[in-house]
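Student: Below: one structure in C-alpha cells.
Nothing in this text is a laboratory measurement; each read-out follows from the coordinates by a stated rule. Fair warning: this is a prediction, and the values are worked out from it, not measured in the lab. Note that we place each Cβ from the backbone using ideal geometry, even for glycine, and neighbour counts take in every protein chain shown.
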Amino acid sequence: MHTTEAQNSEIPLMEVKDLTVEFKQRHGRNLRAVNKASFGLYAGKTLALVGESGSGKSTIVKTLGKLIKIDGGSVALAGKPVKNYRHTFEYRQQVQLVFQDPFASLNPVHTVFHHLARPLLLHGKADKKNVRDKVEELLEKVKLTPAAELANKYPHELSGGQRQRVAIARAIAPNPKVLLADEPVSMLDVSIRLEILNLLDELRQKENLAILYVTHDLTTARHFSSSIIVMHKGDIVESGDTDAIVLAPGHPYTQLLLNSSPKKNLTKEELGKERSERLAGKVSAAMKQSLYTNKGCNFIDRCPYAKEVCTAAPGYFTVGSDNTHKAKCWLYEPNSRQ
Amino acid sequence: MTTEQDRIKENIRPDAATDRTIACGPILSVRELNVEYRGEKVTKAVQNVSFELYKGEILGIAGESGCGKSTLAYAITNMLKPPAYIKSGKAVYSQEDGSPIDILELNEKQLRQFRWTEVSMVFQSAMNALNPVTNLKKQFADIFLAHKPDMSKNEQTEKTLRLLEMVGLDKSTINRFPHELSGGMRQRVIIAMSLCHMPNVVIMDEPTTALDVVIQREILDEIINLQKELNFSVIFITHDISLLMEISDRLLVMYAGQIVEQAPTDEIINQALHPYTNGIMASIPDLYGERKELHGIPGTPPDLSLDIPGCPFEPRCPDAFGACRDIPLQKIFLADGSDHFVKCHKYDQRV
C-alpha cells in the first residue's frame with residue numbers, strides 16, 4: 001500500500017522545480033517564503049509536506065492552487081507548464097484544495113447541496129436534471145449518509161468532521177487529478193482525525209489521486225504518506241521515503257520535529273530523561289549570535305551541531321545509502337563525513 | 001515581594017519531583033456540579049461532575065469538543081456568563097490556613113480578590129487574551145496593581161522581568177507589543193501572567209492547541225519545570241490525550257458532560273477501561289510503530305439538550321449491549337479505595 005518502488009521511473013503528475021515565492025515588504029528586501037523548492041506529485045501517491053508554522057507550507061499550497069503567483073522556477077501539470085493568470089479554470093478542474101478550517105471554508109448561508117452542485121455544474125459534471133443525484137453520489141463517496149437528508153443541511157448543523165467531509169466532497173466534485181490538502185485534520189478532534197485521513201487515503205486509491213498532505217504532525221504523515229518533504233523557513237531541508245525520514249532522520253530540524261512529537265508507550269522516567277536531554281541540547285544564545293550571518297544555513301541559530309562551515313549555504317547531500325533520501329545539511333557532505 | 005519569595009521557598013520540597021501526590025489533601029474539591037445553558041431546550045453541558053485536585057499535582061481533563069470541558073473550567077472559577085448558569089454543586093477551595101471556601105458562593109468583590117492570587121487561568125487563544133494596544137510592561141502592571149495597589153514601579157518592573165525570565169523570554173520582551181510576538185511567545189507571556197501572584201492552582205484550557213509541535217513541546221517542558229519549581233497545582237484541559245499521558249499525574253476523561261473514567265495516568269496507559277477511553281487511545285497513531293490500518297471512533301457525540309436515560313456513548317460504542325440504552329450509569333470503582341473509576345455497564349455486575 002505504501003510502496004514507493006518504481007516511483008523514480010514514473011513521470012510525476014505534477015512537477016515542481018525550483019519554485020520560489022516572494023512577498024513584498026514595506027521595508028527592506030522581499031521576504032522569500034519559498035526558496036527553490038523542487039518535488040513531484042505522483043498519481044495514486046501521497047506526499048506529506050511537514051514543517052512548523054511559518055515554514056512556507058501553506059504558501060506552496062496556495063501557489064500550486066494558483067491563489068498566489070509564482071516568482072521563480074516552474075510548475076508543470078502532466079507535462080504542461082503552468083503559467084500565472086492563464087488557463088486557471090481548466091487548471092482548477094485538475095487541481096483542487098481542501099483547507100484547514102472547515103468552519104470558515106463553507107458558506108454559512110448555503111446548504112450542502114449548493115456547495116456541491118456549484119462545482120458539478122461549473123465543470124460540466126452534471127446538468128440541471130441529474131444534479132441532485134450527482135450530489136448524493138458525491139456525499140456517499142465521502143460517507144455522509146443519509147445523503148438525501150444531509151444535502152439539505154446548513155453548515156452550522158454539521159459537526160467539524162462532517163463539514164470537512166463536505167469540503168472534501170466539494171474538492172473531488174470536478175474529478176481532479178491532484179488534491180492539495182492544507183492541514184485537513186488539525187482543527188478536528190483526535191477521535192475524528194483518523195476517519196478523515198482514512199477517507200482521503202481511500203479516495204487516493206479509488207480515484208488514483210495525487211495528494212499533497214500538508215501537516216505539522218509527523219505521526220499522521222508517517223501513516224498516510226509514501227514520501228515526506230520537510231520544510232524549514234522556506235527551504236526544503238530534507239526529502240525522502242516516509243520510513244527513511246521517520247526512522248533515520250538526517251537533518252537536525254527533522255530530528256527536532258521528531259523529538260517534539262508526542263510519544264506513546266513511554267514511562268514517566270523515560271519521558272523525564274528525554275526532557276532533560278532536550279534542555280541540555282539547547283545551544284547557547286551567544287554561540288548562535290556569533291555564527292548567524294543571514295547567508296548560511298537557516299537552521300544555524302537552533303542547530304545543536306552548528307559549526308563554522310554552516311555559515312555558508314549547504315547543498316543537498318545524500319543521507320545514508322538510499323539516494324532518494326536527501327538533506328540540506330553540511331553534516332552529510334561526503335568529504336566532511338568521517 | 002518578600003512574602004512571595006517566602007511562599008515559593010515554602011512550597012519547594014526536596015521530594016517535590018518524585019512525590020507530587022495526594023499526601024496533603026485536596027486543594028480544590030468539586031462536588032456534584034451541574035451546569036446548563038438556557039435556550040429553547042436546556043443543554044446540560046456538565047452533569048454531576050465531582051473530582052478533587054491535590055496540592056502539587058497535574059490533573060488532566062481530556063475530551064472532544066462539546067463534551068463540556070471548557071464549561072467545567074469556567075464553572076469552577078465562577079466565570080460563566082449567561083446563557084450558562086450553575087444549576088447546583090460546589091467548588092470548595094482550601095485556603096492557605098486550611099479553611100474551606102466555596103468559590104461558587106463568592107460575590108464579585110471577593111472573586112476579584114480570589115482570582116490571580118489563589119486560582120488563575122491560562123486560556124486557549126493567547127492572541128485574544130492580550131491587549132493589543134499596550135505593551136507588556138503596562139499589562140503586567142495592571143495585574144500587579146489590581147491586588148497590590150501600593151506596589152512601586154521599580155518593584156513591578158523587577159517582578160515582570162523575573163517572570164519573563166522564568167518562562168524563557170528575553171528581558172527586552174517587556175517593552176514589546178503583543179503583535180510583535182510569535183504565538184509561542186504570547187503563550188509564554190500568558191503563562192507568566194498567570195503566575196504573577198503565585199497562585200496555588202493554575203487552570204490551563206488548551207494552552208498549546210494553536211501551536212505547532214516544536215513550540216508545543218517547549219511550552220509543555222516549561223510548564224512542567226515551573227510546576228516542579230513552584231509546586232502549584234495544574235488542571236490541564238485538552239482534547240489531545242497523548243499530551244496528558246506524558247504530563248499529567250491523574251486523568252479525567254469527559255464525554256457528553258460527564259466524567260466517564262478517572263484514574264492515575266499510568267493506569268489509563270496500561271489498563272483503560274471505558275470503551276471511549278480505549279477509542280481515543282487507539283485514535284492516536286504511534287510515530288514509530290508498525291504501519292497498519294488505524295481507526296477513530298465512528299459517529300458523533302450526542303445532543304446534550306436531549307434526555308439520555310442510559311449511557312451517552314452507547315450509539316458509538318463497540319461493546320454496547322441491551323442495558324446500555326436505558327439503565328442509568330453508576331461509578332464503578334476498580335477496587336475498594338482505588339482512585340480509578342469508570343462509568344460503564346460493562347464493569348457493573350448488577351447489570
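Student: Could you please tell me the mean projected area of the C-alpha convex hull for chain B, averaged over all directions and given in square nanometres to one decimal?
Tutor: 19.7 nm²
Student: Please enumerate, by chain and number, the aspartates and glutamates with C-alpha under 16 Å from the C-alpha of A:Lys295, excluding those fewer than 8 residues away in the same chain.
Tutor: Result set, ordered by chain and number: A:Asp235, A:Glu308.
Student: Fewest to most neighbouring Cβ within 10 Å: what's the order for B:Tyr37, A:Tyr154, A:Tyr213?
Tutor: Sorted ascending by nearby Cβ count, the order is A:Tyr154, B:Tyr37, A:Tyr213.
Student: Between A:Glu90 and A:Gln255, what FRET efficiency follows from the Cβ-Cβ distance if R0 is 60 Å, with the result rounded to 0.05?
Tutor: 0.90
Student: To continue, here is another question. Beyond a 27 Å Cα-Cα separation, which of these cross-linked pairs lie in this structure: B:Lys55/B:Lys171; A:Lys36/A:Lys141; B:Lys55/B:Lys159; A:Lys66/A:Lys263; A:Lys263/A:Lys326?
Tutor: Values: B:Lys55/B:Lys171 31 Å; A:Lys36/A:Lys141 37 Å; B:Lys55/B:Lys159 25 Å; A:Lys66/A:Lys263 37 Å; A:Lys263/A:Lys326 25 Å.
Pairs exceeding 27 Å: B:Lys55/B:Lys171; A:Lys36/A:Lys141; A:Lys66/A:Lys263.
Student: Hey, another quick one. In terms of Cα to Cα distance under 18 Å, which lysines are near enough to B:Lys109, apart from those fewer than 8 places away along the same chain?
Tutor: B:Lys81, B:Lys148
Student: Then there's this: To make sure I understand, if each residue's beta carbon is the centre and we count other beta carbons within 10 Å, what order do B:His295, A:His27 fall in, fewest to most?
Tutor: Result, fewest neighbours first: A:His27, B:His295.
Student: Under the Kirkwood approximation applied to all pairs of distinct alpha-carbon atoms, what is the hydrodynamic radius of the range A:5-225 in Å? Mind dumping the intermediate values first?
Tutor: Details: mean 1/r = 0.0551 Å⁻¹.
Mean inverse Cα-Cα distance, inverted, gives 18.1 Å.
Student: Averaged over all directions, how much area does the convex hull of the C-alpha atoms of the range B:195-263 cover when projected, in nm²? Walk me through the numbers before you get to the answer.
Tutor: On the way: hull surface 21.1 nm².
One quarter of the hull surface, i.e. the mean projection, equals 5.3 nm².
Student: While we're here: Most exposed first by the Cβ proxy, i.e. fewest other Cβ within 10 Å, how do B:Val189, A:Val178 rank?
Tutor: Fewest-to-most ranking of B:Val189, A:Val178: A:Val178, B:Val189.
Student: Helix B:153-166: angle to the longest alpha-carbon principal axis of chain B, degrees 0 to 90, nearest 10?
Tutor: Long axis of B:153-166 versus the principal axis of chain B: about 40 degrees.
Student: Moving on. Once the convex hull of the C-alpha atoms of the protein assembly as shown is built, how many Å³ does it hold per residue, rounded to a whole number?
Tutor: 185 Å³
Student: A follow-up question, please. What is the helix-to-structure angle for B:213-230, meaning the angle in degrees between its Cα long axis and the longest Cα principal axis of chain B, kept from 0 to 90 and rounded to the nearest 10?
Tutor: So the inclination is approximately 70 degrees.
Student: Explain nothing, just compute: Karplus ³J(HN,Hα) = 6.51 cos²θ - 1.76 cosθ + 1.60, θ = phi - 60°, for every residue of the range B:296-302 in order, whole Hz, x for Gly and Pro.
Tutor: Computed from phi, the couplings for the range B:296-302 are x, 9, x, x, 10, x, x Hz.
Student: Now, a different point. Any of A:Lys273/B:Lys292; A:Lys69/A:Lys206; A:Lys24/A:Lys57; B:Lys41/B:Lys331; A:Lys17/A:Lys57; A:Lys17/A:Lys125 with alpha carbons more than 20 Å apart? Name them for me.
Tutor: A:Lys273/B:Lys292; A:Lys69/A:Lys206; B:Lys41/B:Lys331; A:Lys17/A:Lys125
Student: Would you calculate a helix-derived [θ] at 222 nm for chain A, using -39,500 (n - 2.57) for each DSSP H run of n ≥ 4 and dividing by the full residue count, to the nearest 500?
Tutor: -10000 deg cm²/dmol
Student: What value, in deg cm²/dmol to 500, does the helix sum -39500 (n - 2.57) over DSSP H runs of n ≥ 4 give at 222 nm once divided by the residues of chain B?
Tutor: -9000 deg cm²/dmol
Student: Determine which residues of the range A:171-215 fall in the zone a paramagnetic label at B:Ser65 would reach in this model, i.e. backbone nitrogen under 14 Å from the point 7 Å along Cα→Cβ.
Tutor: A:184-193, by backbone N distance to the label point.
Student: Let me ask you something else. Within 10 Å of each Cβ in peptide A:46-54, how many partner chain Cβ atoms are there on average? Round it to a whole number, please.
Tutor: Whole-number average of other-chain Cβ neighbours for A:46-54 is 2.
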